[in-house]
Amino acid sequence: MSESEDRDGPEDDQPMPLLEHLLELRRRLMYAALGFVVAFALCYWVSLDIYDVLMRPLARVMAEVGGTQRMIYTALTEGFFTQVKVAAFGAMFLSFPIVAAQLWMFVAPGLYKTERRAFLPFLVASPILFVMGAMLVYFMIIPMAWKFLLGFQTHGGETVLPIQLEARVGEYLSLIMTLIFAFGVSFQLPVLLTLLARAGLISSAALVSKRRYAIVLAFIIGAVLTPPDIISQIGLAVPLMLLYEGSIIACRRIERTRARAEAELDDDETVPPAP
């Protein structure tokens, strides 16, 4: 190990007792929990605004196709707990930078400088990909899925009694929040596969050979995580397949970079020392 790597090593290569590790972990967890509690309080204060944002796709489709323009709740406590869920949902987004920063502060001292430089891009890419997945489902998939599902309403002329949606507020918000998280988490696929490739656990050739299984798995994930309609299932499966292909490209770049670095190291070792 070079002198610079010694200086940049984890905690200057000084071992830390287990108790100190546990105390540091407790401290970071407390800061993360405090950040979430503060974010929850702020989000509960504006929970009706968050509610409006989550409700807007359904309201727009209802205005187009007709039907009841309202939401209901059937349990006495449902209205209160719905606001709590909405506030927790917003707090997860708002407190993520704090939680990620505390995780980084706990892990970073145990990494070498080169490892910290390699890990930081993934720490930045993860929230960006999550937001991309959330925006995709909110602006594209949900409006199409809601329009398809509300198309099953009928009027008095079509059936003996009209069939109209009486949406429960708690049920609807749980569904849309689950969809947003499902798409956001699914969009972490390139981060996961690229980290595994950097660690040498998978290769681009292995990903290419398993492409058929990945396609089937993408549709299974789409069927499990989304409502039982073909639009949202395909809407999740297709981006997952594209992200899988992007992961193959990222793994190939990592392999080329690693091969180039190994070739340079071999050249340095074969050069005879100067007399």
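Kindly express, to the nearest 10 degrees and within the range 0 to 90, the angle between helix 189-198's C-alpha long axis and the longest C-alpha principal axis of the chain. Tilt of helix 189-198: around 10 degrees.
Straight-line reach from K210: which lysines have a Cα under 24 Å away, not including same-chain ones fewer than 8 places off? Counting by Cα, and skipping residues close in sequence, K210 has no lysines nearby. Extension gain for V224 to L196 (0.36 nm times residue separation, less C-alpha to C-alpha distance): 7.6 nm. Sorting the segments 29-42, 89-102 by their mean number of nearby beta carbons within 10 angstrom, highest to lowest, gives 89-102, 29-42.
Karplus-derived 3J(HN,Hα) values for segment 124-133, using 6.51 cos²θ - 1.76 cosθ + 1.60 with θ = phi - 60°, are 7, 5, 4, x, 5, 5, 4, 5, 4, x Hz; glycine and proline are entered as x.
In this simple spin-label approximation, L34 and L161 carry label points 7 Å from Cα along the Cα→Cβ vector, and these lie 5.7 nm apart. Taking the Cα centre of the chain as reference, the dipole from Cβ charges on Lys and Arg (+1) and Asp and Glu (-1) amounts to some 960 debye.
I need K147, K210 ordered by Cβ neighbour count within 10 Å, fewest first.
Listing K147, K210 from fewest to most nearby Cβ atoms yields K210, K147.
With bins 5 Å wide beginning at 0, the percent of Cα pairs of segment 116-275 falling in each bin runs 1, 8, 13, 15, 14, 11, 9, 7, 6, 4, 3, 3, 2, 1, 1, 1, 0, 0, 0, 0, 0. For the chain, the calculated P(r), taken from all Cα-Cα distances in 5 Å bins from zero up to the bin holding the longest distance, is 1, 5, 9, 11, 12, 13, 12, 10, 9, 6, 4, 3, 2, 1, 1, 1, 0, 0, 0, 0, 0 percent.
All of the numbers you see were taken from the coordinates with simple rules; none came from a lab. Keep in mind that what you see is a predicted model, and the values were worked out from it rather than measured. So basically every Cβ, Gly included, is an ideal-geometry build from the backbone, and we count neighbours across all protein chains shown.
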